[in-house]
Amino acid sequence: METVGKPVLFRTRLVSVWFFFLVRASMAAGTCLDTITVKDSAGKGKVFEQVSREKPFFIVGRISIKGNRQTRPNIILRELKFREGDTLMLADLPRILQHASENIFNTRLFNFVTVDTSVNIADRFLDFSVEVVERWYIWPIPFIQVSDQNFDAWWQTKDFSRITYGIDLTFYNVRGRNETLKIMTHFGFNQKYGFTYRIPYLNKGQTLGIGFGADLEINHQVAIKTQDNQPFYYNDPLAYPKQLTFVYTELLCRPSIYVMHTFRLAYSHYYFQDTVLHMPGFSMTGDNNQHLGTFWYQYKNDHRDVQFYPLRGWYLDAEFSHSIPFRLAHNTYIKSLFRWYLRLQKRWYYSFSVQGKISFEKEQPYYLQRGLGYGNEFVRGYEYYVVDGQHFGMMKNQLKFAILPERVEKISFIRTSKFNTIPLALYASVFVDMGYVYAYQQFAPLQDGALIPFNSLQNSFLLGYGLGLDFTTYYDVVVRLEASLNLMGKPGIYIHFSAPI
């Protein structure tokens, strides 16, 4: 058995009769053979050794699929770059098998994917078989969210009254068509009720899809300004100073396996209390009810081997957003992200990313303005801080060593294949991140003439570096523990639950 790509997640095999088939075909054609050694991406083992000088190609025969009890065959076939009857170069076979496994796995519908080949009786025909192990598709996942900008910032106070809790009930692979339904019910400090539904394929060619959703947010707490590089909140435990109704619909266009275009139209209705609206810079108007329409477009080109924790490949996206009416929003921007992943040698990996955002307006309402420090957009070492501004740039570098290369553990007392086979991997890393946020306004006058204290991280170079430990397993689980130091000289130990780059 030969392994292509990540050794646990995908496997490809060539049966021994392949060698006999090639020799026979060569003798029948009266041609000689060249000996070519083709290895897998890890540099291990021979995939095949004999190819014909005169006919270095094969014809795709039958493509069979096994293990897809719920998933429709066309969802799997959509991820293959070849079809029955296609003529392909023999030298490209290892790469073809590797990409087939990676593309099917990246649908996130399966725990394991195996692609095999076998020889058809017909001359130069090669049959393919795809065997999958389906995931569990219904997940009532408990939802817990802190009201601070991230978990590490909340951990400093450990204020449990500021926690939002609930259930996110997600149905993956609805109707066996890779459709996703998500129902959100969040209670506690901030409340949210809503749903999203995504249908990736509507037409016969499987290039067009749609998505839509709606939600209602009710907040006891609103961030009204950034002060000393920290968000400053207004709290009203007896009322809701902010309420948001959000509705969207989107068109999905996937012309090829790796490219996705998303066009989204959204409507937002904000309600703010007078106390919030009177804060300088928070809003462009004093209207309690603010209605916004937004057009958002994203281009995505994804060539990563495994999307949830990539080790090889690259990723690029670019997005544009414009909100109306102008007098309320002042929120038009473009943003782009590029990531690159490289296997240096056995067990050693390097990854790099660069990201930037440009806003078209100098003055923006605070509740729509976002710089660094939100979600996954932050310089490591600055998890406790928010750096607001109109423009930003960020670069991340990471060198990793596989302490425990990916392996499979079997749990004998669990019978179902959806849970009893567990891939595990552990990586140690060293990283260096850099960033810069440009803000036109670094302070704002209060009604009594005083000024909001200067946020020192705006318009200044950000640098963070440190060591990390990453653990990955099935169902896209990533746990990261990182120790870092920033230019302010402040060390920190942080925990995250997604890939670093």
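Considering only protein heavy atoms and a 1.4 Å probe, what is the carbon-and-sulfur percentage of the accessible area of segment 302-385?
58
Amide H to amide H under 5 Å from Phe232: which residues, 5+ apart in sequence or cross-chain, H placed 1.01 Å off N in plane?
Ile224, Lys225, Thr226, Gln227
For segment 267-400, with only Lys/Arg (+1) and Asp/Glu (-1) charged at the beta-carbon, what is the dipole magnitude about the Cα centre, in debye rounded to 20?
The dipole of segment 267-400 has a size of about 1000 debye.
Going by amide H atoms built from the backbone, whose H comes under 5 Å of the H on Ile163, apart from near neighbours?
The list, which skips near neighbours in sequence, is Phe189.
Hey, if you put +1 on the Cβ of every Lys and Arg and -1 on every Asp and Glu Cβ in segment 220-299, which of Asn288, Thr245, Pro255 ends up farthest toward the positive end of that dipole?
Final value for the positive-end residue is Pro255.
Taking a 25 Å limit on the Cα-Cα distance, which of the listed pairs Lys66/Lys410; Lys192/Lys396; Lys66/Lys182; Lys204/Lys418 fall beyond it?
Lys192/Lys396; Lys66/Lys182; Lys204/Lys418
Using a 1.4 angstrom probe on the protein heavy atoms only, line up Arg72, Arg135, Arg327 by accessible area, largest first.
Arg327, Arg72, Arg135
Kindly sort Lys300, Lys396, Lys81 by accessible area of their heavy atoms, largest first, with the probe set to 1.4 Å.
The residues order as Lys81, Lys300, Lys396, largest area first.
Please list, in chain and number order, the residues 5+ apart from Ile65 or on another chain whose amide H is under 5 Å from its amide H, with Hs placed from the backbone.
The list, which skips near neighbours in sequence, is Val130.
Starting with the highest mean, order 237-250, 303-316 by the number of other Cβ atoms within 10 Å, averaged over the residues of each peptide.
303-316, 237-250
With every protein chain left in place, what is the accessible area per residue of segment 261-373 in square angstrom, probe 1.4 Å?
46
When the accessible area of segment 216-261 is computed with all protein chains present and a 1.4 Å probe, what percentage of it is carbon and sulfur?
Here it works out to 62 percent.
Compare Lys66, Lys204, Lys182 by solvent-accessible area with a 1.4 Å probe and give them largest first, with all protein chains kept in place.
My answer, sorted largest first, is Lys204, Lys66, Lys182.
Among 286-297, 349-360, what's the highest-first ranking by average C-beta atoms within 10 angstrom per residue?
349-360, 286-297
The values are calculated or read from the model by the stated rules, or taken from the named source; none is laboratory data. As the structure is a computational prediction, the values presented were derived from the model and not from experiment. All Cβ positions, glycine included, derive from the backbone under ideal geometry; neighbour counts span all protein chains shown. With ligands, DNA and RNA removed, areas are computed over all heavy atoms of the protein, side chains included. Shrake-Rupley method; radii C 1.70, N 1.55, O 1.52, S 1.80 Å.
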